[in-house]
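Everything below concerns the one structure shown next.
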Amino acid sequence: MPKKKIALVNTNVILRFLLEDHPTQASQAKTWFNQALPKSLVLPDAVLLEIGYVLLSVYQVPKVRVSRLLSSIVADKVFVLDYQLMNLTLSIFAQQTLSLIDAYLLAQMKMGRAEKLLSFDRKLQKALINL
């Protein structure tokens, strides 16, 4: 049986797909996603976090919409990613006034992936106490 081909997905591919601000690239991204087999596209955590950052800071997309967009990406079964971690990250992000990366760090802590979180960020430290 032939081995399933896996591809890494870069931030700009997802952004073009979501924003449709470059029609040719958006069309190509849509084609890639529509032709992808389940679990054939690797979406690293860093890429998902960068998508959120770019949508929030560069495109000024409201946090609620960013949370929904990222949740729809995580729910798409063509992607290979840490579903448990990213769903928890997005839940924390939606419920608290933290950055996406801080929500990611809290999710890591909540899942027991580290014993301590070293930070000078008071809001993050407070959220950590309330976990």
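What to note about this one:
- Taking the empirical scaling 2.2 N^0.38 Å for compact globular proteins as reference, segment 82-131 has a Cα radius of gyration ratio of 1.01.
- For segment 27-109, a crude dipole built from +1 on the beta carbon of Lys and Arg and -1 on the beta carbon of Asp and Glu, taken about the Cα centre, is about 300 debye to the nearest 20.
- Computed lengthening from ASN34 to LYS5, 0.36 nm per intervening residue step minus Cα-Cα distance: 8.9 nm
- Fraction of alpha-carbon pairs over 18 Å apart in segment 40-131 - percent: 43
- Residue pairs exceeding 21 angstrom between C-alpha atoms, taken from LYS77/LYS116; LYS63/LYS123; LYS77/LYS110; LYS30/LYS77: LYS77/LYS116; LYS77/LYS110.
- Working note: 222 nm ellipticity from helices only, DSSP H runs with n ≥ 4, each -39,500 (n - 2.57), summed and divided by the residues of the chain, gives -18500 deg cm²/dmol to the nearest 500.
- Residues whose placed amide H lies under 5 Å from that of VAL42, excluding near-sequence neighbours: ALA7, LEU8, VAL9, VAL80
- Built amide H within the under 5 Å cut-off of ASP76, gap 5+: none
- Relative contact order of the chain, pairs being alpha-carbon contacts under 8 Å that are 6 or more residues apart, as %: 19
- Extended-chain gain in nm, criterion 0.36 nm per residue less alpha-carbon gap, ILE101 and LEU131: 9.2 nm
- Longest segment of the chain lacking trypsin sites (Lys or Arg not before Pro) that sit in a DSSP loop with at most 10 other Cβ atoms within 10 Å: 6-112
- Nearest-0.05 FRET efficiency for LYS116 and TYR59, computed from C-beta distance (R0 41 Å): 0.75
- Among ILE14, ILE129, a tally of other beta-carbon atoms within 10 Å of each Cβ gives an order, fewest to most, of ILE129, ILE14.
- Simple spin-label estimate for ASP82 and ASN12 gives 2.7 nm between the two label positions (7 Å along the Cα-to-Cβ direction from each Cα).
Read-outs: derived from the displayed coordinates by stated rules, not from any lab. Fair warning: this is a prediction, and the values are worked out from it, not measured in the lab. Heads up, the Cβs are rebuilt from the backbone with ideal geometry, glycines too, and the neighbour counts pull from every protein chain shown.
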